[in-house]
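**Q** This structure is in structure tokens; I'll ask about it shortly.
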Amino acid sequence: QCQLSGLWRNDQDSLMEISVLRDNGDFQGQYLTRVTLSGGCAQISPLRGAQHQLGEEGWPTFAFTVRWEKFSNATTAFVGQCFVDEGGKETLSTMWLLREAVGSLEEDWKATR
């Protein structure tokens with residue numbers, strides 16, 4: 001079984017800490033990114049999400065958002081699934097979309113990465 005709560009490190013050396021999951025699958029935590037849009041130092045930002053609760057079989061899917069604080073006017077949405085290999089190592093596989101604030105509707109084309 002995959003335990004989503006805890007401390008996770010990604011390929012870019014950013015850290016994510018997820019608090020204990022509530023009974024309904026909701027969770028919250030914080031994200032310490034090493035990669036910033038402004039090129040600044042690492043910053044902690046809040047995250048909120050939900051995990052799809054499964055029975056004993058299968059690997060759970062989840063989604064969460066990070067509201068980047070203090071260094072960017074952007075929000076990122078992550079979706080993913082948790083896997084456990086034969087050795088017991090847990091891995092989160094995710095995809096993300098980042099939405100950055102722009103000044104006008106004409107600039108909307110460059111707002112999402």
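**Q** Go through (1) assigned to a loop (DSSP other than H, G, I, E, B); (2) open to solvent by less than 60 Å² (accessible area, probe 1.4 Å) for GLY103 and report which single condition fails.
**A** (2)
**Q** Which pairs turn up if I take residues in the stretch 84-111 that are free of Cβ contacts under 8 Å to residues at least 12 places away in the same chain and look for partners that are open to solvent by 60 Å² or more (accessible area, probe 1.4 Å) with beta carbon separation below 6 Å, at least 6 apart in sequence or on another chain?
**A** Partner pairs satisfying both residue conditions: THR91/PHE83.
**Q** Has the stretch 37-48 got at least one residue that is part of a loop (DSSP other than H, G, I, E, B) and either modelled with pLDDT of 85 or more or in contact with a helix residue (DSSP H, G or I) (Cβ under 6 Å, 6 or more places away or on another chain) (or both)? Steps first, please.
**A** If we filter the stretch 37-48 for residues that are part of a loop (DSSP other than H, G, I, E, B), which is where we start, we get 37-42.
Filter once more, keeping what is either modelled with pLDDT of 85 or more or in contact with a helix residue (DSSP H, G or I) (Cβ under 6 Å, 6 or more places away or on another chain) (or both): none.
No, the stretch 37-48 contains no residue that is part of a loop (DSSP other than H, G, I, E, B) and either modelled with pLDDT of 85 or more or in contact with a helix residue (DSSP H, G or I) (Cβ under 6 Å, 6 or more places away or on another chain) (or both).
**Q** Any residue in the stretch 7-27 that's more than 17 Å from THR61 (Cα to Cα): show its pairings with residues that are among the aliphatic types (A, V, I, L, M) and not in a strand (DSSP E or B) at Cβ separation under 8 Å, as long as the two are six or more apart or on different chains.
**A** Going by the 8 Å Cβ cut-off, the qualifying pairs are GLN12/VAL35; SER14/VAL35; SER14/ALA42.
**Q** Just give me the residues in the stretch 76-88 being open to solvent by 60 Å² or more (accessible area, probe 1.4 Å) and touching a strand residue (DSSP E or B) at 6+ places or on another chain (Cβ under 9 Å), in sequence order.
**A** Step one: filter the stretch 76-88 for residues open to solvent by 60 Å² or more (accessible area, probe 1.4 Å), giving 79, 83, 85-87.
Those that are open to solvent by 60 Å² or more (accessible area, probe 1.4 Å) and touching a strand residue (DSSP E or B) at 6+ places or on another chain (Cβ under 9 Å): VAL79, PHE83, ASP85.
**Q** Here's a follow-up. Out of (1) at pLDDT 90 or above; (2) closer than 19 Å to ARG113 by Cβ; (3) small (Gly, Ala, Ser); (4) out of contact with any Ser or Thr (no Cβ under 7 Å at 6 or more places or on another chain), what's the single condition that is false for ALA74?
**A** (1)
The values are calculated or read from the model by the stated rules, or taken from the named source; none is laboratory data. All values derive from a computational prediction rather than experimental measurement. Note that we place each Cβ from the backbone using ideal geometry, even for glycine, and neighbour counts take in every protein chain shown. To get the accessible areas, we keep the full protein, side chains included, count just its heavy atoms, and leave off ligands, DNA and RNA. Shrake-Rupley method; radii C 1.70, N 1.55, O 1.52, S 1.80 Å.
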